[in-house]
1. Can you name every residue in region B:308-332 that is assigned to a helix (DSSP H, G or I) and within 16 Å of ligand 2 (Cβ to nearest atom)?
2. Within the bounds of region B:364-373, is there any residue that is within 12 Å of ligand 1 (Cβ to nearest atom), away from every other protein chain (no Cβ under 14 Å) and in contact with a Gly (Cβ under 7 Å, 6 or more places away or on another chain)?
3. Right, A:Gly338: more than 10 Å from ligand 1 (Cβ to nearest atom), of a type outside the set (A, V, I, L, M) and buried (at least 20 other Cβ atoms within 10 Å of the Cβ) or not?
4. Of the residues A:Gly38, A:Gly24, which single one is surrounded by fewer than 17 Cβ atoms within 10 Å (Cβ to Cβ), over 29 Å from the mean Cα position of the chain (by Cα), within 14 Å of chain B (Cβ to nearest Cβ) and not hydrophobic (A, V, I, L, M, F, W, C)?
5. In the set B:Trp411, B:Trp451, which member is buried (at least 18 other Cβ atoms within 10 Å of the Cβ) and either within 14 Å of another protein chain (Cβ to nearest Cβ) or within 16 Å of ligand 2 (Cβ to nearest atom) (or both)?
6. Would you mind telling me which numbered condition in (1) assigned to a helix (DSSP H, G or I); (2) more than 30 Å from B:Ala152 (Cα to Cα); (3) within 16 Å of ligand 1 (Cβ to nearest atom) B:Arg303 fails?
7. Does B:Glu287 fit the bill of being among the acidic types (Asp, Glu) and more than 12 Å from ligand 1 (Cβ to nearest atom)?
8. In the set A:Gly155, A:Gly138, A:Gly186, which member is of a type in the set (Gly, Ala, Ser), touching a His at 6+ places or on another chain (Cβ under 9 Å) and under 30 Å from A:Val55 (Cβ atoms)?
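Bear in mind that the values in this text are calculations on the coordinates, not laboratory data. Not measured: the values here are computed from a predicted model. Glycine also receives a Cβ, built like all others from the backbone with ideal geometry; neighbour counts cover every protein chain displayed.
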Amino acid sequence: MKEKEYRMATAARGALLFMQGIPGVPLGDRVVVRDHRGRKRNGQVILTSDETVLVQVFEGTDDLDLERTWVRFLEEPFTLPLSPDMLGRVFNGVGQPKDGRPPIISALKRNVNGAPVNPSARSYPREFIQTGISTIDGLNSLVRGQKLPIFSGSGLPHNRLAAQIVRQAKLLGEAANFVVVFAAMGVSHTDARFFEEDFESSGVLGNVVMFINLADDPPMERLILPRTALTAAEYLAFDLDRHVLAVVTDMTHYAEALREVATAKGDVPARKGYPGYLYSDLAEIYERAGRIHDRHGSITMVPVLSMPSDDITHPIPDLTGYITEGQIVLSRELHNQGAYPPVTVPPSLSRLMKDGIGKDDTREDHPRVASQLYASYARALEARNLASIIGAEELSERDRLYLAFADAFEKRFVTQGEQEDRSIVETLDLAWELLSLLPPETLGRVTEADLKKYHNWEVVSAERANWYGRTSEDSADEEHPADPQAAGRVS
Amino acid sequence: MGNIVQINGPIVTVRLQGVHNGEQVRVGRLGLVGEVISLDGNQAQVQVYESTESLSPGESAQALGHPLSVELGPGLLGQIFDGVQRPLKAIRLQSGDQIARGLELPALDREQVWQFEPASALDIGTHVGGGTIIGTVQETETVVHRILVPPAQSGELLEHAPAGDYTVDQVIARIRNSIGHVHKLKLFHRWPVRRPRPYRARDHAAVPLMTGQRILDTFFPLLKGGTGAVPGPFGAGKTIVQQQIARWANADIVLYVGCGERGNELVEVLESFPKLTDPHSGRSLMERTLLVANTSNMPVVAREASIYVGVTIAEYYRDQGYDVVMVADSTSRWAEALREVAGRLGQMPVEEGYPAYLASRLSAFYERAGSVQTLAGNRGSVSLIGAVSPPGGDFSEPVTSHTKEMVRTFWALTKELADARHYPAVGWNDSFSGYVETAAKWWAEHVDPAWAQRRAEALALLAEADELARIVNLVGPEALSPAQRWVLEGAGLLKEAVLQQSALDKVDSYASPRKQFILLDLALKIYHEGKDILELEVPVDHIAQLPLLAKMRRIKSVYSSDQTEELRKLDQEIHETFDRIRIEYAGVKEQTA
Ligand SMILES: Nc1ncnc2c1ncn2[C@@H]1O[C@H](COP(=O)(O)OP(=O)(O)OP(=O)(O)O)[C@@H](O)[C@H]1O
Ligand SMILES: [Mg+2]
C-alpha cells in the first residue's frame, strides 16, 4: 500500500478529501497527495472505515481535480526526524526545511502527537526564572517547566514582550541558559523577521529551532505545527538535557484552523462555533510543557494568543486559562497610555509562583510583597473608579494616597524599558518604595517584621502622630511575633 | 470475535455478535479496551479508553463479558490510578515517562503480602451476608482495611482462613450460597463502576465535614455525606479549595480525582501529602489518600470513566464504615467528555452542544453521596465535592446551572475577589448551604452556643456593606453617616481577619472550629465596640487606624489552632483599647460642654 497510489477521491471540501473503497487504512496515518500538476501536499487520515477514508490535507484541497488526484498512504504516523543539528534551523509545520538547507537526516524519528506524560513521572516545577520584567518576576513569577501564556490583543506588543523574555530569561546563579523552540502560526512576514533579527542580534540564533507558518502559508498546517515543534522541544529537553523555552505564537490562529476543519466535518459546535473538544485539543499541546523525574532538561512554554475583540471570556483565552498555569494579560488601555509592557496586573496570575519564590529562591518577603501589591492595587483601582465618579477632590485623604499609589505603580513598576533587565532584588525594592506611599496599617498582607525592615512611611501628619504615639507604645512591649513561621515554632 | 468497521476518534464501530450495552470490548492489534455505548443491529459502538491512532478497519474486536469494574481491596491507599484504575506508578516502571497503549496491569499489586486477621466472631457454618466483615488488614498505619463479603454474595461460611500473610489473590474464605454454589472469597473483589454499591439504609447526615477553612465551615458548611460544588472561572481557586479539603478535612479516607485537569496539580498532591500531617490522626496525609488521575491530555473517554471509578472506591470504603470525601476536579471536564462522545455518536445536542441526559447523569452522580447504614450495620458516608469550570465564568451555562440545583452546598468563587487576591475567593452573595441548621446544632454543642447568631450577624454586616458600597459608587463617601462608614470598615476587617485565609500560610492554612469561632467573635466584638464609641463622636478614621485593628488583621497567622488562649487574650486588649478611648472622649466632651 505504501508504494501504491490511489485515485479514488470522491469529494473535496475545504481541507478535507473523501476517499472511497480503500480498505484497512489506519487512523492518523500520513498521506501524500499528488495533484494534476505533480505538486505534493501533506495529509493525515482523520476518520477511517470500511467504506470511507477522510483525509485532512494541510495545504487545503484548492484546485484539486478529483479525477487527477493521486493519494499515497505512507503507513506511518506523522513523525519528525530528530538530531542536535536542528538548532539554528528553520522548518515548516510538518518539519520540512524552510531555510533552503538540506532536510534533517536521522534514524531517530518520533510521532509528533507524542503520548501523554504519566502524571506520576512528572516532577513539580519550582525553579525561579528571572525575566527581568517586574510584573512577571515580582508578581507573576515564571518557573522552569511552567506554561505561562501571554493574553494579548491585535496591535499590542506581545511579540516584543515575548522577545524580551527570550533575551533576558535566566536562572539565578546559573550560566547555562535556554535553548529556544520558536513555533509561529499565521504570523506576518514582519513579525517573523522581527523575531529572527532579535534572536540574531542577541546572539541566540544558534540555540533556536524555528517552526514557521506565515500568514500566507497553508492555514491547515497550523494544526500540526505546534505538535511538530513540541516534539523537537521534548527531544531537546528530555534526550539532550537542555532547558527549553518554547514560544508558541499565535494560538488563536491555531484554534481558528481547528474550527475550520471541525465545521467542515460537521462536528457539533460548543461555543462560538468552536468544537467541544477544543479544550482537550489545546491541552494536548500545553501539557507537553513540564519537568520529568530524573531528567535534567525541562520545557517552559510561553504561548502567545490574541484575544478576539480583547475578550478574555472568548473560548480561546478562556480554555487556555483553564489549562495553563496562569496568564500574563496585556491591556489596550495601558498600551494607549504609553506603558510598556502593558501588563494589567489584576487578571494576571502565575500559579506555580508559590513554590519558586521566597527565602531560598528569591527573597524572604517576596510572597507577601506580591500579595500586598495585588491587594493594594485592587483597592487603589476602586479609589480611581470612585474618583472618576465624584472627582478626585472629593476623595478621602486615604483614597488620595491610593490614587497616587496607583499612578506610581503603573508608571514605575509596570512600565519599564524594552532593554531594561531588572534583577529580582531591584524589583522587590521598587515594590517597597511604592508600598511606602501607603500607611503601614493598610498593609495587612506583610508582617510587622517586613514593615520594620523595608517600609518607609514618613508622611505622618501631626495629628496622626499624636494619636499613634500613645497606642503603639502601649502595645509595643507585648509579645506578639509577627513572623508566622516563628509563631509556628512556638507551638 | 468480530472486527472493526469504523474509527472516528475515540469511537470505534465494531461488527460483533451478542455484545451487551456497557460490556467491555478489546479492539485491534494493540488490544485497546473500551466499552459498548450503543448497539445497532450486529454493530456496536465502542468508546475506547486510549488513543485510537494507527487502528485500522478490519482489525479484530473481542467482547470481554463484563462491564467496566474496579478492584477493591487493600493496597488502594497511597496509589495513583488512571481513569480506568490502571496503576500509574506501575505503568511508569513498565513504559517509562509516557503512557504506552494497550498495557494491562492489575490495579492491586499481586505480589504484596498483607497480614490478615479473621473476624473472630464468625464461626464456620454461620450465614454471612453481602457486606459482612470477614476480617481485617492493616492497610496503612492509620487505616484498617475491613475485608467485606462482596455485596452481591452471601451464604454459609465453609472455610475461614487463619491469621497470617496473604496476597490479594489468595483465598481467605469459602461460602456456599442458597443454591449450593461454593464461592471463594479473596482479600479483594470487583464491582462495576456504573452501579452504586448497596447499603442497608440512608440516614440523616448530622455531622459537619470540617475542612479547616473558615469561609466553608463557618459560613457555608457541608455535612459528612453531603454534596458540594465549587464553581468559578479559571484561576479563581477551585483546585486550591479542593486540595485544602483533601488536606484538612476530618474524614477517614480522601479521594482526589483529577478529571481532565493539570498533571502538575496531581504531582503537587503526590509530593506534598506524604510530608504533611493530618491534624486529626497526627499521621502522614498520604496514608488516607488516593488519587485517580486522568489529566486533560489523557484520553477523553477514560476521563468520563474516572468519576465513576472514584466514587465506587469511595463507596467501598464507606461500606467498611468510614467517612469518605471525594473531590472531583473538574466535573465540567467530565461533562465535556460526555458531550464529545455524544457529538461523535450524532446525538441531538440540547444546550451548548451537551446531550439531553447531562442533567440526569449529573444528578445520578451526586446521588451516590450520602450518610448510610452499611450492610454490616455500621455508619459510613461519602461526601462529594465537584469543581465546576464554567466557560467564560458564566454560571448560567448548563453544567453549573444543573449542578446548582443538585448540590446542597455551593461555594461560588468570584473573579473580583480572586483578582484582588482575596482567597479563598468564595463570594458570600452567591454561595449557599442547605446544611446550616444541622451544622448549628453541632457548633452549639461542641464549640459555642452563639455560633449561629455570630454567623448571621457577620453575613448581615457583609450584605449591608455591599449595599453601602454601591451607594458610595454612586454619590461618594460623603453621603454616608459615620455609623455607615464604620459598617464599611467593620466588613473590611471581617474580610481580612476572618474570611481571607491563605492556603500558603503555614499557620493559617488550617483553622480548627474553635479558632474559627474565636476569630469571628473577636472581629465582631471590635465592630460592636467601635459602633458603640461612635456615639461619643470619635472620628471613624481614628478607630479604623487603631493598631488594634491592624493586629486583628494579622492575628490569624500569628497563632495556630492550638494557641486559642493566646487568641482569646485579644479580648482583653479590645476592652482596654476601647475603654481608654471612652474615657478620653468622655473627657473631651465634658471639656467642650
Ligand atoms: N486559599 C488560597 N490561598 C492562597 N492562594 C490561593 C488560594 N486560592 C487560590 N489561590 C491562588 O490562586 C491560584 C489559582 O487557584 P486554582 O489553581 O485553585 O484555580 P482554579 O479555580 O482551580 O483554576 P482552573 O479552573 O484554571 O483550574 C493559585 O495558584 C494560588 O496562587
Ligand atoms: Mg483548577
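1. Matches in region B:308-332: B:Thr331, B:Ser332.
2. No, every residue in region B:364-373 fails to be within 12 Å of ligand 1 (Cβ to nearest atom), away from every other protein chain (no Cβ under 14 Å) and in contact with a Gly (Cβ under 7 Å, 6 or more places away or on another chain).
3. no
4. None of the others qualify; the one that does is A:Gly24.
5. Numbers: B:Trp451 fails: either within 14 Å of another protein chain (Cβ to nearest Cβ) or within 16 Å of ligand 2 (Cβ to nearest atom) (or both).
When all the criteria are applied, what remains is B:Trp411.
6. With respect to (1) assigned to a helix (DSSP H, G or I); (2) more than 30 Å from B:Ala152 (Cα to Cα); (3) within 16 Å of ligand 1 (Cβ to nearest atom), B:Arg303 is out only on (2).
7. Yes; evaluated as a whole, the condition is true for this residue.
8. A:Gly186 is the lone residue from the list that is of a type in the set (Gly, Ala, Ser), touching a His at 6+ places or on another chain (Cβ under 9 Å) and under 30 Å from A:Val55 (Cβ atoms).
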